[in-house]
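**Student:** Okay, handing you the structure first.
The values are calculated or read from the model by the stated rules, or taken from the named source; none is laboratory data. Since we're looking at a predicted model, the values are computed, not measured. Cβ sites come from the backbone with ideal geometry, for glycine too, and all protein chains shown count toward neighbours.
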Amino acid sequence: MNASRSLVIGVSIAVSAATTLVAQDTTRARVQVRPVPRERSVPGVGVAPTVTGVKPVGVRLAAGTAVTIDGTGFVSGATVTIGGAAATSVVVVSATQLRVTTPAGTAGARDVVVTTSGGSATCAGCLTYDGALGVGEFIEEMWERGGEGPTGVWGEERFQKGVGAYVHLTAQCPSNWLPIGAGISNSGNKSFFMAESYPLNNQWHVLMQRMMVPPQGGALLYPPAPYSFFLTVTCINRDTFNRAMQAPPSS
C-alpha cells in the first residue's frame with residue numbers, strides 16, 4: 001500500500017514540476033508589442049511644387065502683363081521668377097494656380113520657376129517675350145511641329161493664336177536643312193496682310209500686320225483683334241541640295 005501510494009505521489013510531483021517549467025519558458029519567450037511611433041511633420045516644409053503650364057504663353061517686352069501659372073503644391077509665400085527676374089503681385093489662387101505680373105524681358109523663350117517652402121519647380125521655355133506685341137496684346141497659344149516626307153523634304157508647321165495688331169511668326173527647319181518656301185493661312189479670316197516674308201539660315205520669318213487694305217490715310221491700323229495663323233514651311237536637306245547642284249546634267 002505504501003509503495004503504491006509513493007509512486008502516485010512521485011508522478012504527481014514530476015508533472016507539477018514540468019508544468020511549472022513550461023510556464024516559465026512561455027513567459028520568457030513572449031514578444032513585447034510596442035506602439036508604432038507616429039510620423040511628425042516638420043513645420044515650414046511642404047510638398048514640392050510642379051508647374052504644368054502658363055497662360056498666356058507670349059507677352060510683350062515691357063513689364064505688367066498678368067499671367068496664370070498652373071501646377072500643384074502652391075502655398076502662401078510662393079515666389080516666381082521669369083527668365084531669372086522676379087515676377088510681382090504673386091497671388092496664390094489655389095494649390096493648383098498662381099497669378100503673377102511679368103517683369104520686363106528681352107525677346108525669346110524664358111524659364112518660369114516657382115519656389116515654395118517645399119522646393120522649386122521649373123517650366124523650361126514656358127513664356128515667350130515678343131517684341132511685336134503692344135499694350136494689352138498677348139499670345140494665347142503657340143506650338144510648332146514637323147516631319148520628314150519624301151526623301152530630302154521636310155514639312156514644318158507653326159501655329160499661333162492671340163490678340164495683336166502685328167503678328168511675328170518664325171518656323172524653324174531642322175539643323176542642316178534649308179527653308180525653300182512658305183505659306184500662311186488665317187483660320188479666323190481676320191484682315192491681316194503679309195508685311196514681311198523671308199528665309200534666314202534654317203528659319204522662315206513672317207510678319208503679319210492688321211491694317212486696312214489698301215491703307216486709307218496712311219498705314220491706318222485696325223484695333224488689335226483675335227487671330228489664329230498657320231505657317232507651313234518646306235525644307236530640303238542641305239547635303240541633298242548640294243549634291244543635286246553639283247551633279248552633272250544628264251545627257
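**Student:** Take Ala63 and decide whether it is touching a Phe, Trp or Tyr at 6+ places or on another chain (Cβ under 9 Å), outside any strand (DSSP E or B) and not assigned by TED's automatic domain parsing to the domain that holds His205.
**Tutor:** Against the criterion (touching a Phe, Trp or Tyr at 6+ places or on another chain (Cβ under 9 Å), outside any strand (DSSP E or B) and not assigned by TED's automatic domain parsing to the domain that holds His205), Ala63 does not qualify.
**Student:** Do we have Gly44 as modelled with pLDDT under 95, on the phi > 0 side of the Ramachandran plot and either more than 19 Å from the chain's Cα centre (by Cα) or surrounded by fewer than 21 Cβ atoms within 10 Å (Cβ to Cβ) (or both) here?
**Tutor:** So Gly44 fits the description; yes.
**Student:** Step by step: first the residues of region 148-163, then only those that are farther than 16 Å from Trp204 by Cα and touching a strand residue (DSSP E or B) at 6+ places or on another chain (Cβ under 7 Å), then the one that is surrounded by the most Cβ atoms within 10 Å (Cβ to Cβ). Which residue is that?
**Tutor:** The extreme case among them is Gly162.
**Student:** To continue, here is another question. Taking Thr106 as meeting all but one of (1) over 20 Å from Gly162 (Cα atoms); (2) loosely packed, with under 14 Cβ neighbours inside 10 Å, write down the number of the exception.
**Tutor:** (1)
**Student:** Also, I was wondering about something else. If you take the residues of region 197-220 that are modelled with pLDDT under 95, exposed (fewer than 13 other Cβ atoms within 10 Å of the Cβ) and touching a strand residue (DSSP E or B) at 6+ places or on another chain (Cβ under 8 Å), which of them is nearest to Arg158 (Cα to Cα)?
**Tutor:** Val213
**Student:** From the list Glu140, Glu196, Glu156, Glu144, which residue is in a strand (DSSP E or B), of a type outside the set (A, V, I, L, M) and touching a Pro at 6+ places or on another chain (Cβ under 7 Å)?
**Tutor:** Glu140
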